[in-house]
Structures are given as structure tokens and as C-alpha cells.
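The values are calculated or read from the model by the stated rules, or taken from the named source; none is laboratory data. Just so we're clear, the structure is a prediction, and the values are computed from it rather than from any experiment. Neighbour counts run over all protein chains shown; Cβ positions are idealised from the backbone, glycine included.
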Amino acid sequence: MPFASGIKPGASRKVYAHAANVTTINLPGSMASYALGINNRGEAVGYWYDDSFNTHGFLYSGGKVTNIDVPNSFGISVTGINDSGMIVGSFANAEITVVHGFILYRGRYALLDFPGAWATTPYAINDNGDVVGYYQMRDAVDSPFIGFLWHKGTFTTIDVPGSVYTFPLGINDRGEIVGSWYDPSTPHSFLLSNGVYTTLDPPTSYSAIATGINSSGKIMVGASIGDTNQLFIYSHGVYNPVSVPGADLYIPGGINARGQITGGYAFPTTSPFAFVLTP
């Protein structure tokens, strides 16, 4: 899976970023939190860990937080939202024998599972209702993660040539897809546009992941460079850095038409906080 929790044992949750363009989403009781999707209305979704390491989803809208939990489940990951308010994510059943994908709309859940898969992870949804994500047929090390596009009820495989795993993580209304692909040891970011795959690793980076793309083709990229973890917005061949004052760890999220981005940031002594950054 593309992300680790980033939770630091004994980390403080009392330190927040103070910058005019950064909104830290306050989630009482969270040990770590991530805002991973955002629509053009500025509504953000994500998930957080409680002190028992259970996950809970959330919707952040109009300055208010609404928790998203599935009854009789074991954990939830909420990762994408479109302008109609359709939300995608995944959850495990109570026995952890299957991980279901879902679409949540107006309070009702619809399962979105690849046939026969033990785990399906829808990650992003555009305004056409197209969904990208990944699935795994068996809960085993030798069972690869396989990327997909779900369009009008049909699954299509997304597979970067030469990759070991492919994780599609973002899609815009033009159908352009971004994500991460893995060689045997390293993650790389990619763009799929008009049937052509392009790797988008920032110069000098040794790992990268693309997690969102807006209607203008601007792409959210997270990368490791030297001993630092950095965020970039990629556009027309240029990687523009984005930062939260004092943070040393970033989990990249989405980007909307206004250029607002989401993700998680952490300081050296904290676990990640969910944020929305407005340019």
C-alpha cells in the first residue's frame, strides 16, 4: 500500500502549524490524521487513528467535521470525493477476511469490489463517477496489487509497463490518471493521459508518488530527496514546492480546481495532522 501510518510513539498532538494559508483539521482523540481527497467546493475527506490504532473516516465541510464509520467493520479509509458529494474508500469486515471498497452517497453505502478479490481499494472519483484504485486477489505476499479504472460498471486494468505494482490514486474529469508505480525496490509517480504513461519523478528524488490531478492538469506529488520529504505541484514540466512551516514529514493528498491541496504534515516530535492548504 502506498502509505504508512506515520504515527510516532510518544509523539505530541499539541503542536500545530500556524500559517495563514494552512488549515489544520481538528479531530478530537486522533493520534494521526490525513486529508486525502478534496473537491472543487473545498470539501475534504480522509481518516484518522484513535489511541487503539483503529481508523475512522471523516468529511470536512464548511469548517465542520462529520465522522464516517461503517457499522460492524474493522477500520475504514476514506480517500476521495467529487463535486456531487460522492465519497469513496474502503473498510474491512469485522473478521478481517475481506476488504470492501465502497461509494457513499447521501448516507447510503454501495459496495465496489473487484470480482473475487480479497481487498478492493477505490481511491479517487471524478465528477463523471469514474473511480480509480487498486485491488489484491489474495491476502498474500505473492499476490500483487493491481490498478483499476471503474467506468460505468466495468473494471479496466491500469498497469504501468515494467512495474511490479501500480497504484492509481487520482483522476480528473478529462480521465487523466495519476498514481505510483513500483520497480522491485522503488516507488515512482506517473501520469496516464491519452493512453500514454509518463513517469513524473522530481529531479534528484529517490522515491515519488502522485496522488491528485485537477481539471487544469496540475498534479500533487510527494517525493523523498536526500534526507527530506517534500511536496510539489507539477505543471507543464515544472515542480513547484509546497510546504508547511516547520514540518519535516508530508503525506500528499488531493488538489482541486482552485489549487487547494490536502494531505498530512508532521513535525519532528509529532504524528501527522490532516490539513488543507489554500494557495
Quick check: anything in the stretch 15-25 surrounded by 14 or more Cβ atoms within 10 Å (Cβ to Cβ), in a loop (DSSP other than H, G, I, E, B) and modelled with pLDDT of 95 or more? yes
Taking the stretch 159-173 and the residues there that are surrounded by fewer than 23 Cβ atoms within 10 Å (Cβ to Cβ) and either of a type in the set (Phe, Trp, Tyr) or under 18 Å from the mean Cα position of the chain (by Cα) (or both), the one that is farthest from Ser189 (Cα to Cα) would be Asp173
Please state which of the following conditions Ser90 fails to meet, knowing it meets all the rest: (1) under 24 Å from Ile213 (Cβ atoms); (2) assigned to a loop (DSSP other than H, G, I, E, B). (2)
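Scan the stretch 248-256 and tell me whether some residue there is in contact with a strand residue (DSSP E or B) (Cβ under 8 Å, 6 or more places away or on another chain), surrounded by fewer than 20 Cβ atoms within 10 Å (Cβ to Cβ) and among the acidic types (Asp, Glu).
In the first step, residues of the stretch 248-256 are kept if they are in contact with a strand residue (DSSP E or B) (Cβ under 8 Å, 6 or more places away or on another chain); the result is 248-256.
Then drop every residue that is not surrounded by fewer than 20 Cβ atoms within 10 Å (Cβ to Cβ), which leaves 248-249.
Then drop every residue that is not among the acidic types (Asp, Glu), which leaves 248.
Looking through the stretch 248-256, at least one residue is in contact with a strand residue (DSSP E or B) (Cβ under 8 Å, 6 or more places away or on another chain), surrounded by fewer than 20 Cβ atoms within 10 Å (Cβ to Cβ) and among the acidic types (Asp, Glu).
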Counting only residues that are under 25 Å from Leu277 (Cβ atoms), of a type outside the set (Gly, Ala, Ser) and surrounded by fewer than 16 Cβ atoms within 10 Å (Cβ to Cβ), the stretch 178-224 contains a total of 3
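When you look at Gly101, is it under 25 Å from Arg138 (Cβ atoms), touching an Asp or Glu at 6+ places or on another chain (Cβ under 7 Å) and crowded, with 23+ Cβ neighbours inside 10 Å, yes or no?
Working: under 25 Å from Arg138 (Cβ atoms): yes; touching an Asp or Glu at 6+ places or on another chain (Cβ under 7 Å): yes; crowded, with 23+ Cβ neighbours inside 10 Å: yes.
Criteria met by Gly101.
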Which residues, taken from the stretch 101-125, are in contact with a Pro (Cβ under 8 Å, 6 or more places away or on another chain), over 15 Å from Asn82 (Cα atoms) and part of a strand (DSSP E or B)? Gly101
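Sort out for me the strands (runs of 3 or more DSSP E) sitting completely within the stretch 137-244 that have 2 or more residues that are touching a Gly at 6+ places or on another chain (Cβ under 6 Å) and under 15 Å from Gly263 (Cβ atoms).
Details: elements: 145-151, 154-158, 165-171, 177-182, 187-193, 196-199, 207-213, 219-225, 228-235, 238-242.
Answer list for the stretch 137-244: 165-171, 207-213.
Taking Gly246, is it out of contact with any Ser or Thr (no Cβ under 7 Å at 6 or more places or on another chain), closer than 25 Å to Gly63 by Cβ and at pLDDT below 95?
On the way: out of contact with any Ser or Thr (no Cβ under 7 Å at 6 or more places or on another chain): yes; closer than 25 Å to Gly63 by Cβ: yes; at pLDDT below 95: yes.
So Gly246 passes the test.
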Matching entry among Val45, Val78, Val65, Val70 (being part of a strand (DSSP E or B), more than 14 Å from the chain's Cα centre (by Cα) and not small (Gly, Ala, Ser)): Val65
Would you check which residues across the stretch 71-98 are surrounded by 14 or more Cβ atoms within 10 Å (Cβ to Cβ) and among the aliphatic types (A, V, I, L, M) and list them? Ile76, Val78, Ile81, Met86, Ile87, Val88, Ala92, Val98
